[in-house]
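See below for the structure under consideration.
The values are calculated or read from the model by the stated rules, or taken from the named source; none is laboratory data. All values derive from a computational prediction rather than experimental measurement. Here the Cβ positions follow ideal geometry from the backbone for every residue, glycine too, while neighbour counts run over all protein chains shown.
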Amino acid sequence: MKKVLAILGPTGSGKSDLSIELARRLNGEIINCDSVQLYRGFDIGADKVSHEIRQEVPHHLIDIISNCRRFSAAEYARVASEKIKEITSRGKLPIIVGGTFLYLRALEKGLFPVGAAGEGFRHRWKEHTRELWKRTMELDPDYYVKIGGNDVRRMVRLMEVFYLSGKNMTENFALTRSPLEGWKFVKIGIKRDRNELYKRIEERTEEMFRKGIIEEVRKLLALGYPETCPPFEAIGYREVLAFVKGEISLDEARRLVKKNTKEYARRQLMWLRKEPGIIWILPHEVDRVVEIMEKNGED
């Protein structure tokens, strides 16, 4: 049986560092599973690994979008599955790393083929966000936990899917088939003390500002990237964008990035606790993961 190694954990838990060391030890190549890292130019806020590291350890699906089109979970599953098969054909181990867990679910479990109800349907729901939030909680509380209460676009998509299929997102996910059906997903989750995780988030936020995320956002706007570009919706970029536009102070931008990132990490942990089959490790337990992979050899 062919294998895929997935490194999971909330933002700031150390997924990238662990995956790079595992790639070195296990003859692996890394496949990005973070929606913002797909976009060229959005570097600091996405916390992309350096080009030097990427030259040493191959990383895939980074900087593959040069405009502002949305990259759906279905498209990710198609592109990532092709890349996984290509890496495996060269005798390498594919290692999936990133915090966009809906992408991972689409890859492992598949996506349902439910179409669109039309822009008019979506627009009506966008105008009633309070009712949208309430209906999302009623129809699919598990999905609400995964996406969070501010993701209006995905909540509207839930309404659309339920209207067309009579099933919520969680039910539709359960009926789908993976593009890698028959492959073994070995899922490793990183455990960290919550206080330690929050300290790392705060330190990473300060580092993000030191590296120049404000200048990066100004440069992207000057290059013609619209404020509606999907990465500007991500934590870090949306707060800095608000500062650049004069809507909030710099101190408020820093505070909101830290606060919103911690809330996002909490939601990710809630998602992971419900995800079956995760093997939890401490960040330094590289040898344990190597041993796990050696025991999960091809049948």
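Annotations
- Flag if Leu107 is touching a Pro at 6+ places or on another chain (Cβ under 8 Å) and at pLDDT 85 or above: yes
- Inside region 229-268, residues that are of a type in the set (S, T, N, Q) and more than 17 Å from Ser35 (Cβ to Cβ) make up a count of 1.
- Comparison of Thr176, Thr170, Thr205 shows that the only residue that is touching a Lys or Arg at 6+ places or on another chain (Cβ under 7 Å), among the β-branched types (Val, Ile, Thr) and either closer than 20 Å to Val49 by Cα or outside any loop (DSSP other than H, G, I, E, B) (or both) is Thr205.
- Residues that are in contact with a Lys or Arg (Cβ under 8 Å, 6 or more places away or on another chain), of a type in the set (Gly, Ala, Ser) and over 23 Å from Gly224 (Cα atoms) occur in region 63-76; there is at least one.
- If you filter region 133-167 down to residues that are assigned to a loop (DSSP other than H, G, I, E, B) and in contact with a helix residue (DSSP H, G or I) (Cβ under 7 Å, 6 or more places away or on another chain), you find that the one that is surrounded by the fewest Cβ atoms within 10 Å (Cβ to Cβ) is Gly149.
- Residue count, region 66-94 (criterion: in a helix (DSSP H, G or I), exposed (fewer than 14 other Cβ atoms within 10 Å of the Cβ) and among the polar types (S, T, N, Q)): 1
- Filter result (in a loop (DSSP other than H, G, I, E, B) and either touching a strand residue (DSSP E or B) at 6+ places or on another chain (Cβ under 6 Å) or more than 22 Å from Ile278 (Cβ to Cβ) (or both)) within region 184-202: Lys191
- Region 256-296, subset outside any helix (DSSP H, G or I) and without any contact (Cβ under 8 Å) to a residue 60 or more places away in the chain, residue surrounded by the most Cβ atoms within 10 Å (Cβ to Cβ): Glu285
- Answer residue from region 134-152, given it is under 17 Å from Ala73 (Cα atoms) and of a type in the set (Ser, Thr, Tyr) and is modelled with the highest pLDDT among those: Tyr143
- Taking the criterion of being touching an Asp or Glu at 6+ places or on another chain (Cβ under 8 Å), closer than 19 Å to Glu203 by Cβ and part of a loop (DSSP other than H, G, I, E, B), no residue of region 230-255 qualifies.
- Single residue of Ile30, Ile44 found to be buried (at least 23 other Cβ atoms within 10 Å of the Cβ), among the hydrophobic types (A, V, I, L, M, F, W, C) and in contact (Cβ under 8 Å) with a residue 40 or more places away in the chain: Ile30
- Selection from region 183-208 of residues that are among the polar types (S, T, N, Q) and surrounded by fewer than 18 Cβ atoms within 10 Å (Cβ to Cβ): Asn195
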